[in-house]
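Take a look at the structure set out below.
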Amino acid sequence: MTDDADPQAVAEATTSFLADRDDGEQALEAVLEVEAASETWTFDDVALDSGTFGELVSRGVVEKVDSEYRVADVETVRVVLDGEEVTSTGATDRGFALEYDVDLRALSALVGALVVVAGARMLSYGSVFQRGYVVSPGNDPYYFRYWLEDRLAESSGLTD
């Protein structure tokens, strides 16, 4: 059984497959027989036609793993074939699981670059801002705007 296979969904899919097909029980037995022989298998390993096999895959009874197949939940399919009722374990994990793979070299390079940028900004802060004023006009994004306002206030007209 895979980690993400829902037993109820597999049971419903298996039951509907058995109800829709006359040869459904033989098809499921063939798939379970191949599943018992190996963990994953190919379509050529199963004695089924492509339509029946495709229906098993589309319903979620059989799932594709990499380039091979396996039964989504062997126990549930076996229980449905035996005619028993599928009971839910009741222990559904509704927690938040976050799985990710981090390249430590890339992460350390990013952190190092951010430290260098922050250090450069801190070193130049004192020379740019002195007594509450921006000393270098190139460091003030609004310098041109204020310079223009001052010049317009000093002028007597548009052509000055």
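The values are calculated or read from the model by the stated rules, or taken from the named source; none is laboratory data. Given the structure is predicted, the values throughout are model-derived calculations rather than measurements. Positions of Cβ are generated from backbone atoms using ideal geometry, with glycine treated the same way; all protein chains shown enter the neighbour counts.
Would you be able to tell me the number of residues in region 57-74 that are within 16 Å of Leu32 (Cβ to Cβ) and not in a strand (DSSP E or B)?
7
So, in region 21-41, of the ones that are in contact (Cβ under 8 Å) with a residue 24 or more places away in the chain and among the acidic types (Asp, Glu), which residue ends up surrounded by the fewest Cβ atoms within 10 Å (Cβ to Cβ)?
Glu39
Enumerate the pairs (first residue in region 71-97 and of a type in the set (Asp, Glu); second residue anywhere and at pLDDT 85 or above and not in a helix (DSSP H, G or I)) with beta-carbon separation below 9 Å, excluding pairs fewer than 6 apart on the same chain, so at least 6 apart or on different chains.
Asp73/Val61
Restricting region 75-95 to residues that are at pLDDT 70 or above and either over 26 Å from Leu32 (Cα atoms) or aliphatic (A, V, I, L, M) (or both), which is surrounded by the most Cβ atoms within 10 Å (Cβ to Cβ)?
Step by step, filter region 75-95, then rank; the result is Val77.
The conditions are (1) in a strand (DSSP E or B); (2) at pLDDT 90 or above, and Ala118 fails exactly one of them. Which is it?
Every condition holds for Ala118 apart from (1).
(1) on the phi < 0 side of the Ramachandran plot; (2) loosely packed, with under 10 Cβ neighbours inside 10 Å: which one isn't true of Ala72, the others all being true?
The number of the failed condition is (2).
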